[in-house]
Every structure is written in structure tokens, then in C-alpha cells.
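Working notes, structure below.
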Amino acid sequence: MGSRSRAAALYRIPITLMLLGLFMMALQAGQPLLGIAMLMTAAAATLGSAWRAGGRREAVMATLREQADAKLVDGRYREARALYERSLSLAQGELPPAAPELLVNYYSLAAVNSMLHDHARAGRYLEELLRGLDDRVPAAWSGHVAWLMRRVAHHRSLHGHHADAQRLCRRALELVGDAPGADDNTVRSLLDDLAWVEHHAGAYARAEALFREALAVHEQFRDVALELARQPSRGPRQGRSPYREPGPATVSTSGGLDRAVAYTLLGLGWTIYERGRYEDARHCFDRAGMIATRLSGSPGRASLRERERGLEVEVCRGRAAVAVTLGQYDQAQALYGGAVQHSARGEATMQRAALLVDMGWLARCRGRFDQAEAIGRAAQQAVARMREGTAAIASALKESLAELRRRQGRIREGQRHIREAQELAEQGLGLEHPRMAGILAVTARLHVARSELTEAERCARHSLTLFKESLGIEHPRVSDAYLALGEVQLARGQLGAADRSLSLALGLREQALGKDHPELAEILESQVAVMRASGREDEAQPVEVRAAALRKRAEVSGESEAVGDSIPAS
């Protein structure tokens, strides 16, 4: 892709000068006819040689491409890439930049590098392809180029390049057009991709709108499919639909399409969960679970049941996340146990790592710190084996470990973990992502524990600003920032300000999670400290009793069988 060989036109200059020299020598010798004959003979020989050489080069390029295509079909991607690169180097030396043979090589190399997870090179070849096409993709190429754009966009989203990922997804949507049919490069699939990009970028409102639009397109396609399937046959059927081939009259709308809809429901569920609407999120996870149950329970589809394990794990994860957030720890434990059973035979390392992070979160909430630490070690091993897209999940893991260390009183280790979490979040999510606000809230509380109050207040106020801008002032997670700020103000003796901050934190959590949630205890304990520091012992006594009751409830719940006993084997 870097250095290009000299254009073939440069070699014509010495040949032309040679022919002219021969002609002039013949004229000076007084034999013009001989000069013309010599000129024509040399020209014919040169053209014949050039034609044969060009034919040989084209034959070599075609042979290399055929060999590369065969390697690609066999799954030998590295060998295919080497052959495609040799074919490209020959084409670059002989053909103009917009030649079809050159563009096909760009596409092939982009695709094979994507399959090898070398997405940086895949993106560069895709840019070369679009530059050669002058951004005018032929209709026959649109589906293939859209597929490639989806893969590159997914990679760029995982690495925090959300704007580039959004641009590629929208460009792919333009290529596919408005037809939402049953193939893989449909409007529905691309809307789903774009929604996930917005979700990873923290733009949850836009992500929710796109997920709902993708589901609406699916409903539209399904209704037309059922209508055409019920029509009486009148002569030969071509299997065509108002959308695209394969038509719904000949292809079932169940199976792959239903599986894709289940994952769209999962995306919508996680997006609504991040927006703080937990019961609505649970409803989406339940709908996805119904599809997963129907797919995995179909008779005579053993191979399909193996493929649906990943879907069932994601459904269990979503349901369990809602249960943990709402303080329903026993229910969450049972759901994580089901997820472990479904993932026992799987090799989805990213899914395994995410599941372990979630299980560690539950163990920490139940006060089972030794168990949470063991799960954290297993999660770190899983993340270490991941090839790509580790920044976001590794950041969540480090944030979870930092909060665990804070609760254990191991503040110095917690600060090391939270610094790593912040660096990873900047790399994979961006500085304005809502998760960065949560990391800053934990950072502030760690600074308070070490009496570093100036830095603690800066982090707490930055966290509060990010939460309000990204999630809104009424979001339950804003309570994390208010709690951190209240602890800072308490440590500084600003009792009135601390009381206001802690009251706001308590109100937000009670509104979203109920008055009996175990996570209210830490706010109540800080309020007790404020009341006693200001001489309000009578007010502090009932608040202290309530906090102790909530702590006791969490401890009793934690005495049952631990979900960490079912950690998947490495």
C-alpha cells in the first residue's frame, strides 16, 4: 500500500526515442523506404512484446487471485492475504487507480484482514477502495461494501472511535437503501449496528430510538411475509417480495431473523437499563428470553441449541443485572447460575469475561469480599485472553475491583485499579462517556479515604457534571456523585452542604430502588455522621437503626449458597 512502482508509460519514452533514431539514420543514408520498414518492424515487435508481457502479467494476477480465493474458502486467511498482496502489487504497477482489478484486490484484502482481526489494515484498504470508487459504489457492489463497512465500524466502535463508526454505518445504510428484507445487509441489521455504536458511545437516547426503529422494520417485514405466505398460489411463484431476495414467500422468517431480533431486544434492554428504567429493561430481556427458549427448544435442532447458548447467557445476564440493581440478590444468584450452565461449553471469551465481572459485582454487593476477589482474578484471566475490544470490559473490571478494595479498606490498591480503569475508559469509551462519571465517583471516595480532599472534590464535581449532562439530573446513578460530594463536604466540616448532598443522593436511590434497598445503608451511615457532628443525636438514632437493618438484611441474604462457587473453569 505504501510505495508504488513506476507507471508503465515511463518505459515508452526510450522505446520511442530508439524508433525515431532508427528512422533518422535511414533518412540520412538516403534510404527512406528502408527506414520506414525498420520503423514498422520495430514498432510491431515492441507492441507484440508488450502485448505478450501484459497478457502474462494479467494471467499471473488472475492465477494469484484464484489461488487466494481458494485459500479464503478453506479458511487459510494468512496465505490468502499474502497472495492477494502479490496480486495487488502487480496491479498497482500496471493499472490506473480506478481499474476494477485493483479495486477487487482492495476489497479482498480489506475482507481477509477483517477476518484476521487486523482491523486497522482492513480500514485502510476500505478507504483505498472508496477512494478508487470516488465514493460512488456500484449497485452490484453495494451489499458487499456495506458488509465490510459494518465490520470496520464495529471495530472502531470498540476502540472508542465512535464518530468514524457512526459515519461508516450511515454510509452503509445509504448503500443498502430502504428495503428491509431478510438478508444480512438490510436496513434492520444496519440500524441495529448503528444503535449499538450509539450505545457504546453513551448516547443512550439515540440508541433507544434506533433499536426501536430496527424492531419496527422487522415487524413490517414479518407482516408482509405472513401476508404473502397466506396468498393462494396462482401459477409459478418467483419468490419475490416488495423488499429484496430471498423473498418471504420462499424463506421462513424464523431462525436467523428471530435470533437477530432477540439480540436487538437485548440491545434495547441494556440501553433502557442504562437510562435507569429497570422494569422496562426487564420486560425487554424477558421478550428476548422467550425467543431464545423457542429457538433452543425446537425438536430436531440439536446443533441450533448449541448456537443459542450464547443468546441464553446474554438473557440471563440482562435479567440478573436488573435483579442486582433492585436488590433482589437471591434471584440474581439463580440467574447467574443459569448463565454459568449455559456457558459451560462455550468459547466466547468476551462473554465469559463480562459474565465474571457481573458475578463479582453481585458478590461484592452481598459483602462476600473473598468470593468477589476470586471471581475478579478469573475475570482478569479471561480479559487477558481476549484478542480485541478489551478496553471497555477491562475498564468495568478495574472499576469493580477498585470499589471492592475501597470496601475492604485497601485504599492504595483501589487507587491503582481506578487509575487503570480511567485510562482504559479514555481509550475505549471517551472522556464524556457516562461510565467515566461512575469511575470519577469511585475515585473521589478513594481520595476521601486518604484525606486528599481537594482532588476528591474535583473528581466528585466532575462526576456530577458528567452524570447530569449524559443521563439527566433525575437518573439514579447521579446519587453516586452526590454521595461522593457529601463525603467530601463532611470531611471538610461543611455539615449543611453535606446534609443537602446526602439527602439528594438518598432521594434519588429511594425513588428508583425503593426504601428497603441494601445500597441505601452507606448513604444513611453518612447521614448519621453528619447529624452527630452537628449535635442532632435524636435524629441520628432512628437513621442508624434503619441503616443497621438494611445491612443485616444484605448479610442474611449473603449467607445462602454463593454464586461464586459456580465460577466457570478456566
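Using the basic label-point model (7 angstrom from Cα toward the beta carbon), what is the SER534 to GLN331 distance in nanometres?
For the pair SER534/GLN331, the computed spacing is 3.6 nm.
Any lysines with Cα under 25 Å of the LYS515 Cα? List them, leaving off those in the same chain fewer than 8 positions away.
LYS468, LYS552
How many percent of the alpha carbon pairs in segment 443-529 exceed a separation of 22 Å?
The answer is 19 percent, as a whole percent.
Once you place label points 7 Å from the Cα toward the Cβ at THR293 and GLU213, how far apart are they in nm?
My value for the distance between the label points is 3.3 nm.
Classify segment 404-462 from the C-alpha gyration tensor, please: rounded if a/c falls under 1.5, else prolate or oblate depending on whether a/b exceeds b/c.
It comes out oblate by the Cα gyration axes.
Given N residues in segment 326-445, what is Rg(Cα) / (2.2 N^0.38 Å)?
1.04
For segment 318-372, what does the alpha-carbon gyration tensor say about shape, rounded, prolate or oblate, given a ≥ b ≥ c as the root eigenvalues, a/c under 1.5 as rounded, and a/b over b/c as prolate?
prolate
For the pair ARG121 and ALA62, how long in nm is the line joining their label points, each one 7 Å along Cα→Cβ?
Here the modelled spin labels are 2.7 nm apart.
When N counts the residues of segment 372-439, how does its alpha-carbon radius of gyration compare numerically with 2.2 N^0.38 Å, as a ratio?
Normalised Rg, Cα atoms only: 1.07.
Here, each number is a calculation from the coordinates, and none is a lab measurement. Source: prediction; values computed, not measured. Please note: Cβ atoms are built from the backbone with ideal geometry, for glycine as well, and neighbour counts cover all protein chains shown.
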